[in-house]
Amino acid sequence: MAFHEKQLPADAPIADKALNWVDARFPLTSTWKAHLSEYYAPKNFNFWYAFGSLALLVLVIQIVTGIFLVMHYKPDAALAFASVEYIMRDVPWGWLVRYLHSTGASAFFIVVYLHMVRGLLYGSYRKPRELVWLFGVGIFLCLMGEAFMGYLLPWGQMSYWGAQVIVNLFGAIPFIGPDLSLWIRGDYVVSDATLNRFFSFHVIAIPLVLIGLVVAHIIALHEVGSNNPDGVEIKEKLDAKGVPLDGVPFHPYYSVHDVMAVAIFLIVFSAVVFFGPEMGGYFLEYNNFVPADSLKTPPHIAPVWYFTPYYSILRAITSDFMVWLIAGVLAYAGLIYFKTNLSRIVKLAVIGIASVIAFVMGICPVLAGLLHINVPLPAFFNGLDAKFFGVVLMGASVIILAGLPWLDHSKVKSIRYRPSWHKYIYILFAITFVVLGYLGVQPPSAIGGYVSKVCTFIYFGFFLLMPWWSAAGTFKPVPDRVVYHPH
Ligand code: HEM
């Protein structure tokens, strides 16, 4: 394209001339228009729509405070703990920077969980926003990795033993597991080598990927346009100029809304930072104020609250539970066989795959036991170690989110127009998630074990049975245009 600079009158304001000069060389005004002043968002957004901007704000808080922490932190097993204490006591405002960062980590998860709940309620992951959702899941995985690696850096007891437990989980993978966990740690136990690589990932590698994914997330969203609480596509009703009839420019309408949300968020966030940064041991665990000691295992090792639902799923998979899991896999294959319109060949493939999985999970030793083949009894239900399947299900409990756009077969997007009883399913799922989270911070117990097993079934049932329950019931009529009450 030929270089083109607009001719402005000689007496045009200097600011206009400067902008004109830039615009001829860089798409500044057109980017501002495309993503802010002429990005038409549905006019019926509610408070759920503030969490995307809040997530952006927390991302900036984490990056800025992180930069200042790195100036004083020492990624060395002999110095790390003391350098954090130095930040807390001697570096001017160091305590504030550190508490902003540690509280920011929990705030990030609170905001992102609420952001995801919104997606779930209004079906924002459905066509045409599948990629927006998939980039979101990628962001969530990065956030988990970022938080896990960051937690090792203060080199407290929980940092050390938490990392030890999680990295050891990789050891449960057949064949490559032990070598893999050795490779991740860079040593036979969590050590200086581990601290150095986690530091490198925490401050450079993951943030780079995270920022890239956030940019992709927003570009993908702006390509297809935002969903809204009614789940109506506003791009289908345009005025003569091609502007959605139910859209308003993001800036200034929603930038003003978001400033309000930011103010409320900052009040709550500051209250925590200034008055309760440990949050009763949930945001900063008490044991982490004790320096890491490789010879002293804490009696109860629990991850930070945002990981505990998945940690509970890991702990729920014990060898006596394997038989129920096998039954679950076979029953699910049966459901696909009898209750879908897939071609016969696909159905048979599903049955075949499920049988192989069930066989690997334990049918093999069970049969061997029945036939009195010489298989040692302790391996009775353990085709592969229950720990391995715990790890698989823990991973699957996060990855399964990526399947939502294809698991949901509902005729409408928004919960507003779904059969009323669907709400109870969402409420049950939310309660299950909270109960799993609660159990994950508690020391293991018999009753907690049973409850977490039931909750694991409900958790996966919610997703895996979605193709059936989401399509069932009487749907309410979806309006042509969004429902909007001026206020
Ligand atoms: C660093 C984390 C994240 C940031 C900064 C971020 C940012 C944003 C922003 C600014 C928006 C537009 C405003 C809004 O609709 O709220 C948005 C929309 C959206 N985000 Fe995220 N997001 C993040 C994580 C996630 C995650 C983890 C998911 C899901 C797994 C997700 C799924 C979505 C969806 C589906 C939309 C479209 C919502 C709609 O149009 O109804 N996001 N995001």
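Where a number appears in this text, it was derived from the coordinates with a stated rule and is not lab data. Not measured: the values here are computed from a predicted model. Positions of Cβ are generated from backbone atoms using ideal geometry, with glycine treated the same way; all protein chains shown enter the neighbour counts.
What to note about this one:
- Put simply, the amide H of L238, placed in the peptide plane, has neighbours under 5 Å in L245, leaving out anything fewer than 5 places away on its chain.
- Which listed pairs, of K387/K453; K411/K476; K33/K237; K237/K476, have C-alpha distances above 18 Å, in listed order: K33/K237; K237/K476
- Each label was represented as a point 7 Å from its Cα along the Cα-to-Cβ direction; for V256 and K423 these points are 3.2 nm apart.
- Two-site FRET efficiency, I264 against L36, from Cβ-Cβ distance with R₀ of 22 Å, rounded to 0.05: 0.50
- Each Cα pair under 8 Å and six or more residues apart adds its sequence gap; the mean of these over the residue count of segment 302-487 is a relative contact order of 34 percent.
- Taking the charge dipole of segment 30-297 about its Cα centre, with +1 at Lys and Arg Cβ atoms and -1 at Asp and Glu Cβ atoms, the residue from I204, L245, V189 reaching farthest to the positive side is L245.
- Under Karplus coefficients 6.51, -1.76 and 1.60, residue-wise ³J(HN,Hα) of segment 180-190 in Hz, glycine/proline x: 5, 5, 4, 5, 5, 6, x, 6, 7, 9, 5
- Subtracting the Cα-Cα distance of L238 and L342 from their residue separation scaled by 0.36 nm leaves 33.6 nm.
- In plain terms, the residue of D246, D239 with the fewest other Cβ atoms within 10 Å comes first and the most crowded comes last, giving D239, D246.
- Test item: Cα-centred dipole of the chain, Lys/Arg +1 and Asp/Glu -1 on Cβ, debye: 1360 debye
- Computed helical MRE - 222 nm, the chain, DSSP H runs ≥ 4 contributing -39500 (n - 2.57), nearest 500: -18500 deg cm²/dmol
- Simple Cβ-charge dipole of segment 302-487, Lys/Arg +1 and Asp/Glu -1, about Cα centre, in debye nearest 20: 680 debye
- Summing +1 for each Lys or Arg and -1 for each Asp or Glu among the other residues whose beta-carbon sits under 14 angstrom from that of K6 gives -1.
- Cut-off 18 Å (backbone N to label point 7 Å along Cα→Cβ of L335), residues of segment 432-472: 432-433, 453-472
- Close amide H partners of A41, meaning residues 5 or more places away or on another chain with modelled amide H under 5 Å apart, are V248, F250.
- By the count of other C-beta atoms within 10 Å, a proxy for reagent exposure, E85, E285, E233, E5 are ordered fewest to most as E5, E85, E233, E285.
- Between D179 and V392, the FRET efficiency estimated from the beta carbon spacing at R0 = 22 angstrom works out to 0.75.
- Computed lengthening from W406 to H487, 0.36 nm per intervening residue step minus Cα-Cα distance: 25.5 nm
- Taking segment 25-66 and a reference point 7 angstrom along Cα→Cβ of L245, the backbone N atoms nearer than 17 Å belong to 41-44.
- Here the Karplus relation 6.51 cos²θ - 1.76 cosθ + 1.60, evaluated at θ = phi - 60°, turns the backbone of segment 462-471 into coupling constants of 3, 7, 6, 8, 4, x, 8, 5, 5, 8 Hz, with x for every Gly and Pro.
- Cβ charges +1 (Lys, Arg) and -1 (Asp, Glu), total dipole of segment 30-297, debye: 340 debye
- Intensity falloff of segment 406-487 expressed as log10 I(q)/I(0), Debye formula with alpha-carbon point scatterers, at q = 0.15 Å⁻¹: -0.66
- Listed residues C455, L56, H257: farthest to the positive end of the dipole of the chain (Cβ charges): C455
- With the convex hull constructed from alpha-carbon coordinates only, the chain shows a mean projected area of 31.4 nm² over all directions.
- Remark on segment 302-487: ratio of C-alpha radius of gyration to 2.2 N^0.38 Å is 1.23.
- Among M71, M149, a tally of other beta-carbon atoms within 10 Å of each Cβ gives an order, fewest to most, of M71, M149.
- Span from the segment 1-49 Cα centroid across to the segment 386-418 one, whole angstrom: 40 Å
- The chymotrypsin sites (Phe, Trp or Tyr not before Pro) of segment 1-99 that DSSP puts in a loop, and whose beta carbon has at most 16 other beta carbons within 10 Å, are F3, W93.
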